[in-house]
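*Asks:* I am attaching a structure below and will ask some questions about it afterwards.
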């Protein structure tokens, strides 16, 4: 182990140079003009897998962007880890809000700034360097390893589920490892053991058969924007709870132990509000802020539009208005069931003065990994050695739908071992990865691979 850690220390500058190369590729999956860049990034990932010593490297085309696979299976009788990540990134607009060019990685104030630095190129690169350290120094790994790196995570992993269905034998493993999340705070390593699910809906309101003059027709027609606003306003009660019958029916309650653990974390509502630029916080009464954003279901209006929104004035009574609504779900809620109760409720409260329709955009289920599972125990030991302190336990308010599919299709629990920070600006200008986390993350990955066999036997069963 000392030899490996010494190797990591000697090659820090090399790692940063290589990471800059990866971050320089504008692999924006949602924009057709960057299709060639996404494919170029897939080739870079595959080539780098070969460079660090992985085998059976394959690039699988899909109807969208490629999936890259590699493996090292030279440890018979040892556990097999399926490492999942993504090489695609979000768009960079607005460009003017970036302090430095988004695809020219820049180091300042102890961070490396670039699109994809935290989400997720930098985090998968952490494991690349851990694997390299083992294979370059010892010629082997203490575990078996399979890597599945996709190029469509930022657009909903449209073809990944079918790929997993079609390649179950190729992807057989004992657990999944994902590094695509944030630690609780800087200097506080964390184990994330839960993700929320999602039901994403759209409401469309249609009134008159054309836009109307608001002077000539106002007062005789129920304005679709007003109809929509009245509907959205009724989706929460005065206590901040979601006012849809049946919405909370299947919610798995927080245990007393979890509430106690969350309450002991170094958290300040006042600092949180100040950092977000709001005077006071809002949410479901009876729960703390951390409980609401990690372990309670929510409903948010993500966008609303209709009528004239350009500069100046146009006195129009619009023919239609629409809104996007997302509901974050928790364990035991089902996205399809929530979509049904949502649609039923919207149609019930819709007035007869306009046509109101509801459509489902997409959905995914919540995921939770037992904190006493072998993979989590190994991650706890690795984080303590990598960062020099015991990690805290947390949930994540966001969603990674493929985690549920790994459990459903492959029967695998997922260890969420993230090295980002809550303020890393993922999806926003000036995205960054903290360099202290980057280098300690590599050390943690080395220790994780070494710790795992102590907690899993060769058949992947709890020891």
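The values are calculated or read from the model by the stated rules, or taken from the named source; none is laboratory data. Just so you know, these numbers come straight off a predicted model, no measurement behind them. Every residue, glycine as well, gets a Cβ built from its backbone with ideal geometry; the counts of neighbours run over all protein chains shown.
*Asks:* Residues 123, 104, 90: which one is closer than 22 Å to residue 386 by Cα and touching a residue at least 24 places away in the same chain (Cβ under 8 Å)?
*Replies:* 123
*Asks:* When region 109-138 is examined, which residues are found to be part of a helix (DSSP H, G or I), touching a helix residue (DSSP H, G or I) at 6+ places or on another chain (Cβ under 6 Å) and closer than 19 Å to residue 152 by Cα?
*Replies:* Once the filter is applied, which keeps residues that are part of a helix (DSSP H, G or I), touching a helix residue (DSSP H, G or I) at 6+ places or on another chain (Cβ under 6 Å) and closer than 19 Å to residue 152 by Cα, region 109-138 yields 121, 125.
*Asks:* I want to confirm something. Restricting to region 89-108 and keeping residues that are touching a helix residue (DSSP H, G or I) at 6+ places or on another chain (Cβ under 8 Å) and not in a loop (DSSP other than H, G, I, E, B), which single residue is farthest from residue 437 (Cα to Cα)?
*Replies:* Only one residue tops the list, namely 89.
*Asks:* Please verify whether residue 376 is part of a helix (DSSP H, G or I), closer than 18 Å to residue 174 by Cα and under 19 Å from the mean Cα position of the chain (by Cα), treating the condition exactly as stated.
*Replies:* yes
*Asks:* How many of the residues making up region 174-225 are surrounded by fewer than 22 Cβ atoms within 10 Å (Cβ to Cβ), touching a residue at least 40 places away in the same chain (Cβ under 8 Å) and more than 30 Å from residue 372 (Cα to Cα)?
*Replies:* Total satisfying the criteria: 17.
Yes or no, residue by residue, for (1) at pLDDT below 95; (2) outside the structural domain of residue 428 (by TED's automatic domain parsing); (3) closer than 22 Å to residue 415 by Cβ; (4) crowded, with 22+ Cβ neighbours inside 10 Å:
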site: 10; (1), (2), (3), (4): no, no, no, no
site: 23; (1), (2), (3), (4): no, no, no, yes
site: 32; (1), (2), (3), (4): no, no, no, no
site: 38; (1), (2), (3), (4): no, no, no, yes
site: 45; (1), (2), (3), (4): no, no, yes, yes
site: 68; (1), (2), (3), (4): no, no, yes, yes
site: 75; (1), (2), (3), (4): no, no, yes, no
site: 79; (1), (2), (3), (4): no, no, yes, yes
site: 89; (1), (2), (3), (4): no, no, no, yes
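*Asks:* Follow-up question, since we're still on this one. What is the one condition in (1) in a helix (DSSP H, G or I); (2) modelled with pLDDT under 95; (3) surrounded by fewer than 22 Cβ atoms within 10 Å (Cβ to Cβ) that residue 460 does not satisfy?
*Replies:* Residue 460 satisfies every listed condition except (1).
*Asks:* Mind counting the residues in region 136-159 that are buried (at least 16 other Cβ atoms within 10 Å of the Cβ) and at pLDDT 95 or above?
*Replies:* Matching residues across region 136-159 total 13.
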